[in-house]
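K.L.:
Below: one structure in structure tokens.
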Amino acid sequence: AQSVWGYDSDNGPERWHENYPMAKGDKQSPIEINSKDVRHDSSLAPWHASYDPGAAKTILNNGRTCRVVFDDSFDRSVLRGGPLTGAYRLRQLHLHWGSSDDHGSEHVIDGVKYAAELHMVHWNPKHGNFAGALKQPDGVAVVGIFLKVGKTPKPEMKRILEEIDNIKTKGKEAPFQHFDPSILFPKSRDYWTYHGSFTTPPCEECITWILLREPIEVSPDQMAKLRSLSKSGENEAMNPLVDNWRPPQPVKGRVVRASFK
Ligand SMILES: NS(=O)(=O)c1ccc2oc(=S)[nH]c2c1
Ligand SMILES: [Zn+2]
């Protein structure tokens, strides 16, 4: 049997379906978005995040990504509007990135791969808890923000990247408080939306994706910082945590809607 899933040749995206059959479903993520196939939907409402900075709890390296965890025990930090019905609770945010600046994002836009992609994961409390929400088509909403390398990095990214030094190896966790992730949003609220899945096993098809059109900028050494994380534990050989992205999956007739013309 294969070892636990990952992004290497022996346990990577091409083999996930062996232990997680949903990986071969009809509504998998990520996907490639081609503007010519996108449908502008004027009925799409704007989305709104109202996050409580006090909800941020910890930041951790789980050997597959760098994740910030929030208190989602009540409607404390929520996402509303856009394609969503009701308020979805912010549970965690994490990133996917490449071994060099020319790739790393999961969604690909008109052939463009960004250096990284940040995911803010929210769940629908009408389904009781996160585990229950995973089983529902309207269970989870993920806001995706593309990161590109540039000269005017967003100072707010600094906060996450400063913590990297405390979580270098797999299993490391550090307190991460007083953080409002909405400072990471770009100026424009324009977005694409479609129905898809988790981009990691078990690949449940429970996600309403809200992908922001405008990327945010990070600096080359901020990307280097991200790439300095290790997949392995502190007593093991350093194994750079890079290329933790799933390639685009078949669209299978799904329509991607745009909030903008
Ligand atoms: N990459 S993603 O589809 O946003 C994704 C993948 C795995 C996850 O586990 C939790 S918890 N939230 C998750 C979000
Ligand atoms: Zn993700």
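Computed from the coordinates by the stated procedures, all read-outs in this text should not be read as laboratory data. This one's a predicted model, so the numbers in the text were calculated from it and none came from an experiment. Don't worry about glycine lacking a Cβ; one is built from the backbone with ideal geometry, like all the others, and counts go over all protein chains shown.
K.L.:
Report the full-extension gain for the segment ASN129 to SER228: residue separation times 0.36 nm, less the Cα-Cα distance, to one decimal in nm.
P.N.:
Values: separation 99, 0.36 × 99 = 35.64 nm, distance 3.40 nm.
Full extension of this stretch gives 32.2 nm more.
K.L.:
If each of HIS40 and GLN136 carries a label point 7 Å out from its Cα toward its Cβ, how far apart are those two points in nm?
P.N.:
3.3 nm
K.L.:
Does segment 2-132 come out rounded, prolate or oblate, given a ≥ b ≥ c as the square roots of the eigenvalues of its C-alpha gyration tensor, rounded meaning a/c under 1.5 and, failing that, prolate meaning a/b above b/c? Mind dumping the intermediate values first?
P.N.:
Numbers: a/c = 1.59, a/b = 1.20, b/c = 1.32.
Oblate is the answer for segment 2-132, as a/c is 1.5 or above yet b/c matches or exceeds a/b.
K.L.:
Taking 8 Å as the Cα distance limit and 6 or more residues as the minimum spacing, I'd like the relative contact order of segment 197-247 as a percentage. Walk me through the intermediate numbers first.
P.N.:
Working: 29 pairs, mean separation 13.2, N = 51.
Relative contact order of segment 197-247: 26 percent.
K.L.:
Report, in debye and to the nearest 20, how large the dipole of the chain comes out about its Cα centre when Lys and Arg carry +1 and Asp and Glu carry -1 on their Cβ.
P.N.:
On the way: 34 positive and 33 negative charges, 108 e Å.
Dipole of the chain, to the nearest 20 debye: 520 debye.
K.L.:
Let me ask you something else. Kindly provide the helix-only [θ] at 222 nm of the chain, computed as the sum of -39,500 (n - 2.57) over DSSP H runs of four or more divided by all residues, to the nearest 500 deg cm²/dmol? List each step's numbers first, then the result.
P.N.:
Working: 4 runs with 24 residues, N = 261.
Value at 222 nm, helices only: -2000 deg cm²/dmol.
K.L.:
Which percent of Cα-Cα pairs in segment 144-236 sits in each 5 Å bin, short to long?
P.N.:
Here the calculated profile for segment 144-236 is 3, 11, 16, 16, 20, 20, 12, 2, 1.
K.L.:
What percent of all Cα-Cα pairs in the chain falls in each 5 Å bin, counting up from 0?
P.N.:
1, 6, 13, 17, 21, 19, 14, 7, 2, 0, 0
K.L.:
Something else now. Percent antiparallel among DSSP beta bridges with both residues in segment 104-261, to the nearest 5? Write out the running numbers ahead of the final one.
P.N.:
Details: 18 of 26 bridges.
For segment 104-261, the DSSP antiparallel bridge percentage is about 70.
K.L.:
Return a whole-number percent for the relative contact order of the chain, with Cα pairs under 8 Å and 6 or more residues apart as the contact set.
P.N.:
Details: 646 pairs, mean separation 71.6, N = 261.
Value for the chain: 27 percent.
K.L.:
Let me ask something additional. Output the peptides 222-229, 206-213 sorted from most to least packed, where packing is the average of other Cβ atoms within 10 Å over each peptide's residues.
P.N.:
206-213, 222-229
K.L.:
Between the alpha-carbon centers of segment 92-147 and segment 12-68, tell me the distance in whole angstrom.
P.N.:
2 Å
K.L.:
Out of segment 65-142, which chymotrypsin sites (Phe, Trp or Tyr not before Pro) are coil in DSSP terms and have no more than 11 other C-beta atoms within 10 Å?
P.N.:
Working: sites: PHE70, PHE74, TYR88, TRP97, TYR114, TRP123, PHE130; in loops: PHE74, TYR114.
Sites meeting the loop and neighbour criteria: PHE74.
K.L.:
Using a basic spin-label model with each label point 7 Å from the Cα along Cα→Cβ, how many nm lie between ASP71 and THR85?
P.N.:
3.1 nm
K.L.:
How would you rank 138-147, 170-179, 238-247, highest first, on the average number of other Cβ atoms within 10 Å across their residues? Walk me through the numbers on the way to the answer.
P.N.:
Working: 138-147: 23.6, 170-179: 15.1, 238-247: 18.2.
Top to bottom by mean Cβ count within 10 Å: 138-147, 238-247, 170-179.
K.L.:
While we're here: Treating only the Cβ atoms of Lys and Arg (+1) and Asp and Glu (-1) as charged, compute the dipole magnitude of segment 1-139 about its Cα centre; round to the nearest 20 debye. Write out the running numbers ahead of the final one.
P.N.:
Numbers: 15 positive and 18 negative charges, 111 e Å.
Magnitude of the dipole: close to 540 debye.
K.L.:
For a quick check of your reading of the filter: which trypsin sites (Lys or Arg not before Pro) in segment 1-68 sit in a DSSP loop and have no more than 16 other Cβ atoms within 10 Å? Before the final figure, lay out the partial values.
P.N.:
Numbers: sites: ARG15, LYS24, LYS27, LYS36, ARG39, LYS57, ARG64, ARG67; in loops: ARG15, LYS27, ARG64.
Counting only loop positions with at most 16 other Cβ atoms within 10 Å, the trypsin sites (Lys or Arg not before Pro) in segment 1-68 are ARG15.
K.L.:
Below 8 Å between Cα atoms, with a sequence gap of 6+, how large is the relative contact order for segment 1-104 in percent?
P.N.:
Across segment 1-104, relative contact order equals 18 percent.
K.L.:
DSSP loop trypsin sites (Lys or Arg not before Pro) in segment 100-144 with at most 14 other Cβ atoms within 10 Å of their Cβ, which ones?
P.N.:
Values: sites: LYS113, LYS126, LYS135; in loops: LYS113, LYS135.
Qualifying residues, ordered by number: LYS135.
K.L.:
Would you work out which of ILE145, GLN222, PRO21 lies farthest towards the positive end of the dipole of the chain? Charges go on Cβ: Lys and Arg +1, Asp and Glu -1.
P.N.:
Highest projection toward the positive end goes to ILE145.
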